[in-house]
Amino acid sequence: MSLTLKSIRETAARAFEAQGLPTTRDEDWKYTDLSRISALLGDQWWQVAENNEGEIADLSVPELDAYTLLFVNGHFDAEASELPDSITITSLARLIQDEPEKAVELIAYQADAPLSSGVVAANSALATDGACICVPNHVKLDKPLYILHVNSGGTTHLRTGISVGKHSEIQVIEHFAGDHDEAGLSNSVTAIRLDENSSCEHYRLQMEAAKQCHLGRVEVSQQRDSSYTLHATELGSMLSRVDVVNRLQEPGARTELNGLFVASGRQHIDHHTRIDHNAPHCVSRENYRSVLDGRSHGVFNGKIVVGKGAIKTDSAQSNANLLLSAHAEIDTKPELEIFNDDVKCAHGVTIGQLDKNQLFYLKTRGISGEEAKQMLTFAFADEILAKMSNQTVRRYIERAAFAKLPNITDLEGMLA
Amino acid sequence: MSEVKQERKPEEFTNREYEAGFVTDIETDTLPPGLDEGVIRHISAKKNEPEWLLNWRLEAFRHWQTMTEPHWPNVSYPPIDYQSVSYYSAPKSQADGPKSLDEVDPKLLETYAKLGIPLREQEFLAGVAVDAVFDSVSVATTFKGKLKDVGVIFCPISEAVRDYPELVQQYLGTVVPTGDNFYAALNSAVFTDGSFVYIPKGVRCPMELSTYFRINALNTGQFERTLIIADEGSYVSYLEGCTAPQRDENQLHAAVVELVILDDAQIKYSTVQNWYPGDENGLGGIYNFVTKRADCRGKRAKVSWTQVETGSAITWKYPSCVLRGDDSVGEFYSVALTKMCQQADTGTKMIHIGKNTKSTIVSKGISAGRGQQSYRGLVRIAKSAEGARNFTQCDSLLIGDTCGAHTFPYVEVKNPTATMEHEATTSRIGEDQLFYCQSRGISEEDAVNMIVNGFCKDVFNELPMEFAVEANRLMEVSLEGAVG
């Protein structure tokens with residue numbers, strides 16, 4: 001490739017200048033108004049914040065047995081991190097410094113990629129740090145890899161690359177956390193490449209501070225018989241938008257996307273997912289749920305594209321939404337685009353309140369109405385979390401999620 | 001069995017030529033192609049329209065000039081030159097207007113006979129009042145007297161403008177405003193004819209009202225305008241069916257249908273659309289860009305759209321329901337078939353505004369050959385729609401590996417008491433189902449027909465009797481043995 005890092009940055013910067021922030025006139029951004037970002041952070045919202053020296057609280061998942069990579073305000077903190085020996089991990093900043101040619105592929109900006117926008121271009125142009133993880137062939141990492149991004153406000157552009165070699169297995173936990181009152185923006189792009197027969201379980205925990213905006217993108221490309229599972233939980237941030245783009249490139253690849261939104265106050269949470277079935281015999285499963293309280297607004301758009309040759313595709317998508325308050329709002333759009341007859345595709349959406357029959361049943365068993373509501377809300381959301389294989393993370397998220405909902409009184413009792 | 005049946009490819013069956021393809025040779029009074037204010041004045045003058053309607057048309061036209069043609073649907077076609085379309089054509093024999101069937105041009109009657117819908121027979125046997133539209137002007141209306149007895153008005157809209165101007169003026173353009181969209185604006189400016197129906201308070205229309213649309217003169221766009229008003233507590237079932245002669249030039253058809261439903265009233269609107277779909281290379285065929293909308297203004301109003309779409313090169317329409325009145329109900333049942341190079345982007349919009357409004361959407365898409373089909377729907381539950389309920393089901397059946405089926409359902413909910421369910425499946429005809437039928441001695445072709453009919457049954461059940469038979473036949477003809 002004749003592309004250099006410099007030329008990529010320039011192309012991306014030009015694209016960003018031309019496109020700017022998407023507006024609600026763009027079909028993909030119809031329900032998410034990003035003008036809040038510039039209102040909050042000014043015209044120069046994209047400018048990376050200076051490395052503030054403020055004290056950063058420990059926001060890591062407690063009692064998690066994992067290798068840790070700590071990023072503070074978008075910069076790798078080598079001292080606080082603990083890395084495994086069996087795989088290669090470099091920070092992007094280091095890679096750019098030492099071997100810029102290797103960073104080219106990771107940073108490359110593709111204008112024609114699905115759900116591409118000015119936000120991604122800005123990330124390509126400005127990302128300075130992130131984790132570059134390379135798992136060689138035949139390695140099964142003994143502990144999860146925990147990537148913690150903490151920030152204290154301001155703008156950060158992060159780019160993470162994960163490449164998993166043949167027959168290798170990895171569990172990655174990406175955790176975005178903050179506990180401050182500053183306005184800020186996290187713009188994160190994570191690119192994952194799964195080689196033959198490899199497997200990756202990816203946790204994406206978005207628990208940003210209340211005034212932080214979060215723009216994320218997860219790009220996955222899967223080779224033969226590989227398996228990818230995403231557990232995306234959206235709890236924090238005032239405005240969060242995540243695009244998940246998954247390409248199933250070779251036969252036998254399997255992907256599973258699980259998502260849970262728990263929103264309250266004026267939070268706005270938006271996930272756009274797109275799964276491209278480009279090869280035969282691939283399987284995709286998608287399961288998104290949202291619990292919306294207060295004046296929160298949830299958006300879900302799931303698109304599944306089955307290409308011409310992708311026969312024997314098996315795809316199912318479901319999206320269920322629970323509105324707890326009179327002012328919560330949901331916009332959902334499950335899309336299918338199929339260019340082939342030998343496929344099995346289904347999708348379903350439900351929106352509603354708690355089932356009256358179920359509430360009644362619990363009441364007949366002597367459970368108070370309030371408690372019955374809590375139990376059902378908990379059960380509704382926990383169905384997604386139950387798919388997590390890492391129980392430490394699951395318990396942590398359960399506590400964090402239900403702490404947000406005012407009605408849950410006996411959380412520990414329910415967890416027991 | 002000693003006979004071994006040669007395996008037949010689906011293509012053999014789906015390539016069936018259009019059966020209703022012929023052009024009736026009739027003198028037409030046609031305007032030269034082109035569109036400007038002069039053309040609109042000409043149309044208006046030809047129809048002896050009052051001043052207000054001309055102004056209304058001109059306003060629509062001026063608005064249309066400021067609009068740009070929309071390109072968001074999932075269909076592709078060469079750009080349309082709106083200046084090369086002729087905006088008025090009427091059969092010459094209309095000049096003094098036939099009073100009864102005897103006065104109708106025998107050639108016209110012959111045309112209908114070829115299509116298997118002889119007017120006389122229908123009048124005599126089926127008891128259906130037919131307001132047959134031959135190109136842009138209605139030429140035969142039956143059962144007028146019978147309808148008049150109960151106070152139902154069923155006439156061409158141009159006649160309604162003359163005879164019931166206050167009704168037309170009160171309702172025209174209130175459901176689909178002139179500036180609603182590009183094609184609705186164009187239609188408002190140049191519409192030549194269509195049907196007008198008014199059902200008075202508490203009247204149950206004694207028969208099914210039916211209009212057969214025909215597109216006949218070469219190169220004429222058809223701009224029908226239909227306005228149906230169901231006053232309090234009334235009921236009407238309206239049938240619309242179409243076939244067209246075969247030819248090579250693409251034709252634009254941009255109709256507007258407006259339904260107004262007041263308290264406790266109900267309208268059932270059924271369509272069978274079988275316009276010329278173009279040949280197997282996608283040459284020719286009708287562009288069917290239609291705006292259909294029902295406004296449930298009254299409490300407990302009900303509207304039901306049923307459509308069977310098998311024709312047209314491009315179908316682009318979304319019969320919609322605005323559920324304004326409390327407890328009003330909207331229904332949408334659709335079967336769309338695309339084969340050869342047909343494209344369809346169709347679906348519905350359910351706008352819930354009133355309390356306890358309910359809507360049901362059942363959409364069945366069948367795609368064969370190189371057909372591309374999209375379901376695009378919107379369910380919007382406004383904040384005021386306490387206790388709203390929606391059920392949506394859209395299924396696609398794929399036949400052949402070069403076709404496509406797409407779904408784009410938009411769901412927007414702003415009220416937590418709303419309950420909505422949406423489900424969609426896409427699959428092909430199961431090999432096991434086919435095998436089972438064949439093992440029972442049913443031929444492959446019949447088995448496919450059975451399965452497709454079963455697939456569409458939910459929708460066909462909603463059709464009035466006369467149409468259900470026609471629809472079944474249409475599916476069989478269109479799909480003969482479409483499986484390999």
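The values are calculated or read from the model by the stated rules, or taken from the named source; none is laboratory data. Note that the structure is a prediction, hence the values are computed from the model and not measured. We place every Cβ from the backbone using ideal geometry, glycine too, and count neighbours over all the protein chains shown.
Just to check your reading of the model, which residue among A:Ala121, A:Ala111 is of a type in the set (Gly, Ala, Ser), in contact with a helix residue (DSSP H, G or I) (Cβ under 9 Å, 6 or more places away or on another chain) and buried (at least 20 other Cβ atoms within 10 Å of the Cβ)?
Exactly one residue qualifies, and that residue is A:Ala121.
Going by the structure shown, is B:Ala368 within 14 Å of chain A (Cβ to nearest Cβ) and within 30 Å of B:Cys296 (Cβ to Cβ)?
Numbers: within 14 Å of chain A (Cβ to nearest Cβ): yes; within 30 Å of B:Cys296 (Cβ to Cβ): no.
In short, no.
State all residues of the range B:390-421 that are more than 20 Å from A:Asp314 (Cβ to Cβ), within 7 Å of chain A (Cβ to nearest Cβ) and assigned to a strand (DSSP E or B); if no residue qualifies, say none.
Scanning the range B:390-421 gives B:Phe408, B:Pro409, B:Tyr410, B:Val411, B:Glu412, B:Val413, B:Thr419, B:Met420, B:Glu421.
List the number of the failed condition for A:Ala210; all other conditions in (1) closer than 24 Å to A:His75 by Cα; (2) crowded, with 23+ Cβ neighbours inside 10 Å hold.
Answer for A:Ala210: the failing condition is (2).
Could you grab me the full set of residues in the range A:340-386 that are in contact with a Gly (Cβ under 9 Å, 6 or more places away or on another chain) and at pLDDT 85 or above?
Across the range A:340-386, the qualifying residues are A:Leu359, A:Leu362, A:Lys363, A:Ile384.
Could you look through the range A:224-243, keep only residues that are touching a residue at least 60 places away in the same chain (Cβ under 8 Å) and under 10 Å from the mean Cα position of the chain (by Cα), and pick out the one that is surrounded by the most Cβ atoms within 10 Å (Cβ to Cβ)?
Filtering the range A:224-243 for residues that are touching a residue at least 60 places away in the same chain (Cβ under 8 Å) and under 10 Å from the mean Cα position of the chain (by Cα), the one surrounded by the most Cβ atoms within 10 Å (Cβ to Cβ) comes out as A:Thr233.
For the range A:270-291, name all the residues that are more than 18 Å from the chain's Cα centre (by Cα) and buried (at least 23 other Cβ atoms within 10 Å of the Cβ). Spell out how you get there, then give the answer.
Kept after step one, since they are more than 18 Å from the chain's Cα centre (by Cα), are these residues of the range A:270-291: A:277-283.
Matches in the range A:270-291: A:His277, A:Cys282.
Which of the strands (runs of 3 or more DSSP E) found entirely inside the range B:294-344 contain at least 3 residues meeting this: under 16 Å from the mean Cα position of the chain (by Cα) and in contact (Cβ under 8 Å) with a residue 40 or more places away in the chain?
Values: elements: B:302-309, B:314-317, B:320-323, B:329-338.
Per the criteria, B:302-309, B:314-317, B:329-338.
In the range B:381-394, which residues are within 15 Å of B:Thr348 (Cβ to Cβ), surrounded by fewer than 19 Cβ atoms within 10 Å (Cβ to Cβ) and not polar (S, T, N, Q)? Walk me through it before giving the result.
First pass over the range B:381-394, keeping only residues within 15 Å of B:Thr348 (Cβ to Cβ): B:381, B:390-394.
Cutting the leftovers down to surrounded by fewer than 19 Cβ atoms within 10 Å (Cβ to Cβ) gives us B:391, B:393.
Scanning the range B:381-394 gives a single hit, B:Phe391.
Table: residues versus (1) surrounded by fewer than 24 Cβ atoms within 10 Å (Cβ to Cβ); (2) touching a helix residue (DSSP H, G or I) at 6+ places or on another chain (Cβ under 6 Å).
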| site | (1), (2) |
| --- | --- |
| B:Lys349 | yes, no |
| B:His352 | no, no |
| B:Thr357 | no, no |
| B:Lys364 | yes, yes |
| B:Gln373 | no, no |
| B:Leu378 | yes, no |
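Confirm whether A:Gly265 is surrounded by fewer than 24 Cβ atoms within 10 Å (Cβ to Cβ) and within 9 Å of chain B (Cβ to nearest Cβ). First the steps, then the outcome.
Details: surrounded by fewer than 24 Cβ atoms within 10 Å (Cβ to Cβ): yes; within 9 Å of chain B (Cβ to nearest Cβ): no.
In short, no.
Only one of (1) more than 14 Å from chain A (Cβ to nearest Cβ); (2) among the polar types (S, T, N, Q); (3) in contact with a Ser or Thr (Cβ under 8 Å, 6 or more places away or on another chain) is not met by B:Ser443, so which one is it?
Only one criterion is unmet by B:Ser443, namely (3).
Residues B:Thr271, B:Thr291, B:Thr315: which one is crowded, with 23+ Cβ neighbours inside 10 Å and touching a Ser or Thr at 6+ places or on another chain (Cβ under 6 Å)?
Numbers: B:Thr271 fails: touching a Ser or Thr at 6+ places or on another chain (Cβ under 6 Å); B:Thr291 fails: touching a Ser or Thr at 6+ places or on another chain (Cβ under 6 Å).
Only one candidate passes the filter, namely B:Thr315.
So which residues in the range B:399-425 are aliphatic (A, V, I, L, M) and more than 23 Å from the chain's Cα centre (by Cα)? Steps first, please.
Going through the range B:399-425, the residues aliphatic (A, V, I, L, M) turn out to be B:399, B:405, B:411, B:413, B:418, B:420, B:424.
Across the range B:399-425, the qualifying residues are B:Ile399, B:Val411, B:Val413, B:Ala418, B:Met420, B:Ala424.
It is to be established whether one or more residues within the range A:89-98 are buried (at least 17 other Cβ atoms within 10 Å of the Cβ), touching a helix residue (DSSP H, G or I) at 6+ places or on another chain (Cβ under 8 Å), touching a residue at least 12 places away in the same chain (Cβ under 8 Å) and in a loop (DSSP other than H, G, I, E, B).
No, the range A:89-98 contains no residue that is buried (at least 17 other Cβ atoms within 10 Å of the Cβ), touching a helix residue (DSSP H, G or I) at 6+ places or on another chain (Cβ under 8 Å), touching a residue at least 12 places away in the same chain (Cβ under 8 Å) and in a loop (DSSP other than H, G, I, E, B).
Out of all the residues in the range B:366-391, which are of a type in the set (Val, Ile, Thr) and touching a His at 6+ places or on another chain (Cβ under 7 Å)? Don't jump to the end; show me each part of the working.
Pass one, the range B:366-391, residues of a type in the set (Val, Ile, Thr): B:366, B:379, B:381.
Within the range B:366-391, B:Ile381 is the sole residue that qualifies.
Report the residue count in the range B:424-462 for those that are outside any helix (DSSP H, G or I) and either acidic (Asp, Glu) or in contact with a helix residue (DSSP H, G or I) (Cβ under 6 Å, 6 or more places away or on another chain) (or both).
Here is the first cut: in the range B:424-462, the residues outside any helix (DSSP H, G or I) are B:424-430, B:440-443, B:461-462.
Right, trim to either acidic (Asp, Glu) or in contact with a helix residue (DSSP H, G or I) (Cβ under 6 Å, 6 or more places away or on another chain) (or both) and you get B:429, B:462.
Selection size over the range B:424-462: 2.
List the number of the failed condition for A:Leu405; all other conditions in (1) part of a loop (DSSP other than H, G, I, E, B); (2) of a type in the set (A, V, I, L, M, F, W, C); (3) modelled with pLDDT of 85 or more hold.
Every listed condition holds for A:Leu405 apart from (3).
Filter the range A:156-200 down to the residues that are in contact with a Gly (Cβ under 9 Å, 6 or more places away or on another chain), over 23 Å from A:Gln47 (Cα atoms) and among the basic types (Lys, Arg) and list them by number.
Result: A:Arg193, single match.
Filter the range A:1-48 down to the residues that are among the β-branched types (Val, Ile, Thr) and in contact with a Lys or Arg (Cβ under 8 Å, 6 or more places away or on another chain), then identify the one that is farthest from A:Gly184 (Cα to Cα). Give the derivation first.
Here is the first cut: in the range A:1-48, the residues among the β-branched types (Val, Ile, Thr) are A:4, A:8, A:11, A:23-24, A:32, A:37, A:48.
After this cut, where a residue has to be in contact with a Lys or Arg (Cβ under 8 Å, 6 or more places away or on another chain) as well, the list is A:24, A:32.
Numbers: A:Thr24: 21, A:Thr32: 17 Å.
Once the filter is applied, the top-ranked residue is A:Thr24.
Just give me the residues in the range A:313-356 being more than 19 Å from B:Ser374 (Cβ to Cβ), without any contact (Cβ under 8 Å) to a residue 12 or more places away in the chain and either at the interface with chain B (Cβ under 7 Å from one of its Cβ atoms) or touching a helix residue (DSSP H, G or I) at 6+ places or on another chain (Cβ under 8 Å) (or both), in sequence order. Steps first, please.
First pass over the range A:313-356, keeping only residues more than 19 Å from B:Ser374 (Cβ to Cβ): A:314, A:316, A:318-331, A:342, A:344, A:350-356.
Now narrow it down to the ones that are without any contact (Cβ under 8 Å) to a residue 12 or more places away in the chain: A:326, A:356.
Within the range A:313-356, A:Ala326 is the sole residue that qualifies.
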